[in-house]
Amino acid sequence: MAVARRILDGAAEPSYLTGGGLLGWLTTVDHKRIAVLYGLTALVFFLVGGVEALLLRVQLARPDNTFLAAGTYNELFTMHGTTMIFLVVMPLELGLFTNFAVPLLIGARDVAFPRLNALSYWVFLAGAIFLHASFFFGGAPDAGWFGYANLTERYFSPGTNLDFWVVGLLILGTSTLMSGINFGVTIVNMRAPGMTFMRMPMFVWTMLVTVALVLLAFPALTVGLILLLMDRFYGTHFYVATVGASPVLWQHLFWLFGHPEVYIMALPAFGIASEVIPVFSRKPLYGYPMMAYSTALIGFLSYGVWGHHMFAVGMGPAADSAFAVTSMLIAIPTGIKIFTWIATMWGGQLSMTTAFLFSVGLVFEFTIGGLSGIMHAAVPIDLQQTDSYFVVAHLHYVLFGGSVFGLFSGLYYWWPKITGRLLDERLGRLHFWLTMVGFNGTFFPMHFLGAEGMPRRIYRYAPGMGWETWNLVATVSAFILGISVAVLLVNIWRTLRRGLPAGNDPWDGRTLEWWIPSPPPEHNFVRLPVVRARDPFWGLKYGPQAPASRPTLEPAPPDTIHPPSGSFFPIVLAAGLLLAGIGAVTRLAVVAIGFGVAVLAVVGFAFERPAFGEDESGEIAAAGVDNRKLGIWAFIGSESIFFASLISTYLIYKGRSVTGPGPQQILEVPLTSFSTFVLLMSSLLMVLALAAIQRGAERSSRRWLLGTAGLGLVFLAGQAYEFTHFYHEGLALQTNLFSQTFYTLVGFHGAHVTIGVLWLVALAAASFAGKLPARSSLAVELCGIYWHFVDIVWIVIFTLVYLLEGVSGA
């Protein structure tokens with residue numbers, strides 16, 4: 001118990017912040033350092049997005065203003081929205097707070113995939129740099145952060161502005177999906193012994209639902225962006241009505257992502273408030289089970305409300321009614337959270353710290369945003385308020401009043417744990433009150449402007465419209481909001497120079513992160529806690545001393561700790577993706593170079609320690625399932641939504657072609673049936689390969705692996721022949737909607753087969769090199785899971801595209 005006593009007494013240990021120099025930070029896989037990198041990067045872009053907003057408000061401060069040109073205004077409001085959503089709020093939540101706090105809250109020494117975690121940061125940084133490089137290469141994106149078709153088509157936006165937006169968001173989406181897989185597996189699989197789901201801190205609960213939303217929502221946006229990229233780069237017409245397509249498809253794909261995205265940004269802030277309010281009320285969270293269930297219910301219902309963004313497009317009364325009902329229903333679990341927070345504070349010993357004030361501000365501001373959201377669930381009201389400044393007010397009360405207030409609360413709450421120093425409370429309270437005045441002064445008047453008919457996305461307005469006063473009030477208040485951020489920056493700067501030492505537990509906390517030194521050591525916990533209560537650290541300090549009510553320490557000796565070593569490959573792979581993105585808008589040769597660098601980095605990843613079959617983090621999975629197996633299943637779940645979106649697009653468009661041959665005239669079912677048989681037989685060989693390596697027959701396993709790869713190549717050769725034949729028969733990619741959806745759907749499946757073949761070859765090469773022994777059979781099993789998924793997807797495609805269409809027309 002001497003080790004535990006040193007921890008509780010705050011004995012000095014080397015923290016995660018010390019050692020390694022610049023090289024150590026560039027190659028780090030420590031989740032806490034990665035959190036700091038995310039936080040610093042997001043803070044820079046928060047300032048960038050804030051400056052963009054202030055420029056917009058200056059332009060609107062008075063009628064007929066010429067401060068900004070129309071094109072510049074469009075660029076600024078597009079980049080402001082894109083920056084704040086993708087480069088500020090989400091990176092702070094998924095990058096800073098989740099990275100830093102979740103492993104500590106669940107009693108883990110690390111995340112499930114440390115190197116994937118590092119890669120997600122560097123890919124995020126690459127996407128952010130690429131997106132903002134557009135300012136220096138022909139102009140920034142200027143079609144709105146929502147990118148509505150067909151304004152985004154090459155005919156209407158001929159420059160490279162939208163190219164940067166499309167490619168940049170695809171890069172950023174890749175980073176977010178990596179984070180989702182990593183933290184989903186971490187929460188499910190790496191909780192401390194005894195930490196059941198109903199003992200998890202509420203922030204962990206909200207992040208579990210958030211990562212599920214990420215994995216299931218981002219694929220729809222990815223498909224929408226891919227179709228737009230093909231329209232802009234390859235001459236297809238997925239969103240052009242004159243060829244039978246519909247611009248509304250983009251809205252469905254975007255908002256199928258966009259409304260879960262609202263809760264991807266809001267739920268982590270709710271989780272922060274649910275941690276902060278009990279601590280500074282000196283009460284446990286009231287109604288914990290209902291708070292957990294309401295969080296899950298919000299995640300479930302968020303997929304049934306995207307259509308309320310589209311009431312004005314003419315979906316029909318049935319669809320409008322359905323989306324109106326679900327939009328009203330989602331207010332119920334949200335209301336449960338509001339009442340739970342109020343009930344927690346009621347009768348508590350309130351401590352008015354800055355962290356607590358910002359959480360209370362979140363409750364107040366999000367309630368206002370929620371009330372206006374209920375208004376938009378009513379179709380007649382929504383039709384009146386659509387595309388008015390009333391919507392701008394609602395959006396900011398939900399996202400700034402909800403998410404950013406929560407982020408500020410989390411910053412003041414966990415800053416002592418991150419840095420070991422306390423932020424100045426006097427400056428913190430000044431920051432809070434300036435934020436309250438500036439925020440409400442900026443956005444509440446927009447309700448009046450919208451009700452008086454001021455449309456959104458206009459860069460100037462005529463005098464005499466009755467909008468002058470409220471626009472001036474909003475602009476002055478926006479600068480007050482800017483001053484509040486300056487106060488925060490001064491507070492951070494002063495604290496880093498001479499802030500008061502925080503100690504291990506400055507807030508008298510309830511959860512495990514306050515049990516260890518501030519800042520934490522690299523390995524977090526010297527010995528892993530065994531949790532026996534919902535608020536484990538509170539029980540240790542104040543509860544009965546019986547073992548049933550307090551955490552204990554795992555008896556494993558400290559010398560079993562093996563933190564993963566740093567790696568250059570994440571930054572190299574991200575650099576390759578950045579090069580490929582630059583090449584997409586400049587020269588094709590640069591794309592090839594970028595992908596070449598990325599492939600080399602992937603190969604380096606594969607053969608870098610840990611080797612095939614070894615656990616990256618060195619931790620034992622609490623759920624009894626290997627981290628990588630759970631990770632591949634999470635990836636497959638996300639890819640299922642990706643292919644479902646592509647298949648849905650095919651089914652919507654298959655009969656809308658106005659020119660050229662259709663499926664009945666062009667598909668060759670006998671040839672494809674043979675290719676399908678070959679692919680299905682490859683799954684049998686994959687099963688034999690796994691069985692061989694599990695029984696130690698490495699040579700047999702190599703033969704079956706290479707045989708599986710060979711059959712995969714035969715399938716790809718058949719697909720290449722089919723594409724070539726169709727092209728000579730007059731069915732090019734751009735011919736009609738059938739050709740566009742067919743080539744895209746079947747082509748992306750072929751790309752997945754290609755990845756599987758490369759994976760199989762890499763496993764065979766590792767086996768020849770003696771790095772794939774029987775104890776590493778999991779590496780083959782993971783590849784097998786992926787390969788079987790690819791086969792199942794092809795069965796669906798073959799049935800819908802070839803059998804139902806080709807056979808019916810024969």
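The values are calculated or read from the model by the stated rules, or taken from the named source; none is laboratory data. Everything numeric here is computed off the predicted structure, so don't read it as measured data. Positions of Cβ are backbone-derived with ideal geometry, glycine not excepted, and every protein chain shown enters the neighbour counts. Heavy atoms of the whole protein, side chains included, go into the accessibility calculation; ligands, DNA and RNA do not. Shrake-Rupley method; radii C 1.70, N 1.55, O 1.52, S 1.80 Å.
Okay, residues lined up against (1) outside any helix (DSSP H, G or I); (2) open to solvent by 20 Å² or more (accessible area, probe 1.4 Å); (3) out of contact with any Asp or Glu (no Cβ under 8 Å at 6 or more places or on another chain):
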position: ALA35; (1), (2), (3): no, no, yes
position: ASN65; (1), (2), (3): yes, no, yes
position: GLY81; (1), (2), (3): no, no, yes
position: ILE85; (1), (2), (3): no, no, no
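Restricting attention to the range 180-195, the residues that are among the hydroxyl-bearing types (Ser, Thr, Tyr) and open to solvent by 10 Å² or more (accessible area, probe 1.4 Å) total 0.
Okay, residues lined up against (1) crowded, with 20+ Cβ neighbours inside 10 Å; (2) of a type in the set (Phe, Trp, Tyr):
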residue: MET454; (1), (2): yes, no
residue: PRO463; (1), (2): no, no
residue: LEU489; (1), (2): no, no
residue: GLY499; (1), (2): no, no
residue: GLY509; (1), (2): yes, no
residue: LEU512; (1), (2): yes, no
residue: TRP515; (1), (2): yes, yes
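Of all positions in the range 739-753, none carries a residue that is more than 30 Å from ARG232 (Cβ to Cβ) and either open to solvent by 50 Å² or more (accessible area, probe 1.4 Å) or of a type in the set (A, V, I, L, M, F, W, C) (or both).
Filtering the range 218-264 to residues that are within 15 Å of the chain's Cα centre (by Cα) and closer than 16 Å to PHE643 by Cα leaves PHE218, PRO219, ALA220, LEU221, THR222, PHE254, LEU256, PHE257.
Considering the range 135-179, and only residues there that are of a type in the set (Gly, Ala, Ser) and part of a helix (DSSP H, G or I), the residue that is surrounded by the fewest Cβ atoms within 10 Å (Cβ to Cβ) turns out to be GLY173. Among the residues examined, SER359 does not qualify as of a type outside the set (A, V, I, L, M, F, W, C), over 26 Å from the mean Cα position of the chain (by Cα) and in a helix (DSSP H, G or I). Selection of the range 437-460 for residues being modelled with pLDDT of 95 or more and among the hydroxyl-bearing types (Ser, Thr, Tyr) yields only THR442.
Annotation note: of GLY21, GLY49, the sole residue that is among the small types (Gly, Ala, Ser) and open to solvent by less than 20 Å² (accessible area, probe 1.4 Å) is GLY49. Residues in the range 303-319 that are open to solvent by 20 Å² or more (accessible area, probe 1.4 Å) and either farther than 19 Å from LEU221 by Cβ or in contact with a Gly (Cβ under 6 Å, 6 or more places away or on another chain) (or both): ALA312, GLY314, MET315, GLY316, PRO317, ALA318, ALA319. Sort out which residues of the range 577-589 are part of a helix (DSSP H, G or I) and either open to solvent by less than 30 Å² (accessible area, probe 1.4 Å) or at pLDDT below 90 (or both), and write them in order of number. Within the range 577-589, ALA580, GLY581, GLY583, ALA584, LEU588, ALA589 meet the criteria. In the range 643-653, is there at least one residue being at pLDDT 95 or above, out of contact with any Ser or Thr (no Cβ under 6 Å at 6 or more places or on another chain) and aromatic (Phe, Trp, Tyr)? Yes, some residue in the range 643-653 is at pLDDT 95 or above, out of contact with any Ser or Thr (no Cβ under 6 Å at 6 or more places or on another chain) and aromatic (Phe, Trp, Tyr). Has the range 652-675 got any residue that is under 34 Å from the mean Cα position of the chain (by Cα), open to solvent by less than 40 Å² (accessible area, probe 1.4 Å) and more than 21 Å from GLY235 (Cα to Cα)? For the range 652-675, residues under 34 Å from the mean Cα position of the chain (by Cα), open to solvent by less than 40 Å² (accessible area, probe 1.4 Å) and more than 21 Å from GLY235 (Cα to Cα): absent.
All of (1) assigned to a helix (DSSP H, G or I); (2) over 21 Å from GLU153 (Cβ atoms) hold for GLY258 with one exception: (2). Within the range 352-364, one or more residues are among the β-branched types (Val, Ile, Thr) and closer than 14 Å to SER274 by Cα. Scanning the range 379-398 for residues that are more than 13 Å from GLY453 (Cα to Cα), surrounded by 22 or more Cβ atoms within 10 Å (Cβ to Cβ) and either among the hydrophobic types (A, V, I, L, M, F, W, C) or in contact with a strand residue (DSSP E or B) (Cβ under 8 Å, 6 or more places away or on another chain) (or both) returns a single hit, ALA393.
In contact with a Gly (Cβ under 6 Å, 6 or more places away or on another chain), closer than 30 Å to ALA241 by Cα, of a type in the set (A, V, I, L, M, F, W, C) and modelled with pLDDT under 95: is that true of PHE723 in this structure? Taking the combined requirement at face value, the residue does not satisfy it. Helices (runs of 4 or more DSSP H) fully within the range 365-481 that include at least 3 residues being closer than 20 Å to GLY50 by Cα, touching a residue at least 60 places away in the same chain (Cβ under 8 Å) and touching a helix residue (DSSP H, G or I) at 6+ places or on another chain (Cβ under 8 Å): 389-398, 405-419, 425-451.
Selection of first residues in the range 517-546 that are in contact (Cβ under 8 Å) with a residue 12 or more places away in the chain and of second residues that are among the β-branched types (Val, Ile, Thr) and open to solvent by less than 50 Å² (accessible area, probe 1.4 Å), restricted to Cβ pairs under 6 Å at least 6 apart or on distinct chains, gives the following pairs, ordered by first then second residue: HIS523/ILE561; VAL526/VAL3; VAL530/THR552; PHE537/THR511.
Can you tell me which residue within the range 444-488, out of those that are of a type in the set (Ser, Thr, Tyr) and over 30 Å from LEU422 (Cα atoms), is farthest from the chain's Cα centre (by Cα)?
Within the range 444-488, the first condition is being of a type in the set (Ser, Thr, Tyr), and the residues that meet it are 459, 461, 469, 475, 477, 484.
Keeping just the survivors that are over 30 Å from LEU422 (Cα atoms) gives 459, 461, 469, 475.
Numbers: TYR459: 31, TYR461: 37, THR469: 39, THR475: 32 Å.
Filtering first and then ranking leaves THR469.
Screening the range 754-783 for residues that are open to solvent by 30 Å² or more (accessible area, probe 1.4 Å) and not in a helix (DSSP H, G or I) and picking the one that is nearest to THR222 (Cα to Cα) gives LYS771.
Is it true that LEU434 is open to solvent by less than 20 Å² (accessible area, probe 1.4 Å) and modelled with pLDDT of 95 or more? In short, no. Look through the range 523-576, keep the residues that are at pLDDT 85 or above and part of a strand (DSSP E or B), and return whichever of them is nearest to GLY24 (Cα to Cα). Ranking the candidates gives PRO529 first. Just a yes or no: is a residue in the range 489-502 under 29 Å from the mean Cα position of the chain (by Cα) and modelled with pLDDT of 95 or more? Taking every residue of the range 489-502 in turn, at least one turns out to be under 29 Å from the mean Cα position of the chain (by Cα) and modelled with pLDDT of 95 or more. Applying the condition of being out of contact with any strand residue (DSSP E or B) (no Cβ under 9 Å at 6 or more places or on another chain) and among the charged types (D, E, K, R) to the range 405-437 and asking which residue is nearest to TRP515 (Cα to Cα) yields LYS417. Applying the criterion of being assigned to a helix (DSSP H, G or I) and open to solvent by 20 Å² or more (accessible area, probe 1.4 Å) to the residues of the range 343-356, the residue that is nearest to SER484 (Cα to Cα) is MET345.
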